[in-house]
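S.K.: Mind having a look at this structure? Questions to follow.
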Amino acid sequence: TRITVLGHYQRGGYTSVFDRILASRFGRVAVEALLYKRSGEMVGLWDGRVVLTPFDKVLGTKKLLDFRLLKLAEVLV
């Protein structure tokens, strides 16, 4: 057996300090939501703040793809 870091598989690179701190912030908010018996919400980042957003709001909204970012991603890969 060996240790596997999920972030390596997801992005193909090492996790940054930002990634590790963000994961801890997400985890804290998720646990607090459980403690306060909140459900049906997802943890996310909005304007630099970690927030809970109801699934209904997230799943009911279409978000269009920014093709400029897609082109940039193609150049970077």
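S.K.: State which residue is least open to solvent (accessible area, probe 1.4 Å) when the search covers only the range 21-51 and only residues that are of a type outside the set (A, V, I, L, M) and part of a strand (DSSP E or B).
M.R.: Residue satisfying both the conditions and the ranking: Gly44.
S.K.: Among the residues of the range 4-25, is there at least one that is at pLDDT 90 or above and touching a Ser or Thr at 6+ places or on another chain (Cβ under 7 Å)?
M.R.: No.
The values are calculated or read from the model by the stated rules, or taken from the named source; none is laboratory data. Since the model is a prediction, treat every value here as computed from it, not as a measurement. Quick reminder, even Gly has a Cβ in these numbers, built from the backbone with ideal geometry, and neighbours come from all protein chains shown. Just the protein is used for accessible areas: all its heavy atoms, side chains included, with ligands, DNA and RNA removed. Shrake-Rupley method; radii C 1.70, N 1.55, O 1.52, S 1.80 Å.
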